[in-house]
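As structure tokens, the structure follows; a few thoughts come after it.
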Amino acid sequence: MSAMLLERPAASAEAAAPDTGRRTWRAVLWTLPPVFVVLLVAGYPILRVLTESTVTPEGRGTEVWSSVLVSSSFRNALWRTVSIAFTSTAGCLVLGAFLAVVLAFVPFPGSAAVGRLIDTVLTLPSFLVTLAFTFLYGTAGAVNALLADLTGRDTPLLNFLHTPLGVIAAEITFFTPFVVRPLLAAFAQLPREQLDVAASLGASPWRVLRQIVLPEAWPAMAAGGSLVLLLTLNEFGIVLFTGAKGVLTLPALIYTRGIVTFDLPGAAALASVQVALSLTLYAAYRFVFARVTTRKGQ
């Protein structure tokens, strides 16, 4: 009897082994289609761009990369791209945090309408903001016309749209909702009892904000800021509409090389640098976010 009892688990284990193998192969088969789609949609264009960047009149080589990376136009565009992206992201974080705190903790008439307006901005294309900036702050815009009537000036007082400042202002205006929305979601999960207890113990509103609200909202702020950084790093429409005459970023330089001068290998090399920069920033964000969430969980 004992021998029969010992043989039954062994037989059941042998019967379960084929089922486990079938489940493994079934999982692999279900994984293959999405992996193939990702490789086709994302991997092939990147591989094609890298391949195009090695094309030379004599065949293939690294001459295009050598000429592109040492050019002053590339260095200036790279610095301009990074500086505008980081400055715009910092502005979006400051303005977005302020708006989110006001909307979440300072009740006022029309706050719901303001929240819906912020959601509406998320659905609009970026060039609409630049057109609005042109109508408002352009040399022939409404603000300059009003200032001319008030001061009697013949020349426009505001003339910053075709400068990095104009691009930064437009990007902060357009991308701030990408910070406000996740912050509002994080603030909505805060227990109000905790805030009430802190206030009843004599904590000032600034102390409650600094020690309770903002630490809890840090992951949402990091997520919104990283998204804004990636979007501003690759932004083309705002730069084209506002700063095309005085601002040359990497996306604008890629457009000039590929469409205006028909230098496809040079444009491909610049696009490869742009992709590498975006992927590096995304990997850094994932690493920092994982460390923060792990430390918070501990």
Task: Interchain or long-range residues, amide H under 5 Å from Thr176's placed H - done: none
Task: the range 107-159 and the range 209-247: distance between their alpha carbon centers, rounded to Å - done: 20 Å
TODO: Considering only protein heavy atoms, with the full assembly of protein chains and a 1.4 angstrom probe, order Val35, Val228 by accessible area, largest first.
DONE: Val35, Val228
Task: Using θ = phi - 60° and Karplus 6.51 cos²θ - 1.76 cosθ + 1.60, couplings along the range 105-114 (whole Hz; Gly, Pro as x) - done: 10, 10, x, 8, x, x, 5, 5, 5, 5
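The values are calculated or read from the model by the stated rules, or taken from the named source; none is laboratory data. Because the structure is a prediction, the values reported are computed rather than measured. Accessible surface is based on the protein model in full, side chains and every heavy atom, while ligands, DNA and RNA are left aside. Shrake-Rupley method; radii C 1.70, N 1.55, O 1.52, S 1.80 Å.
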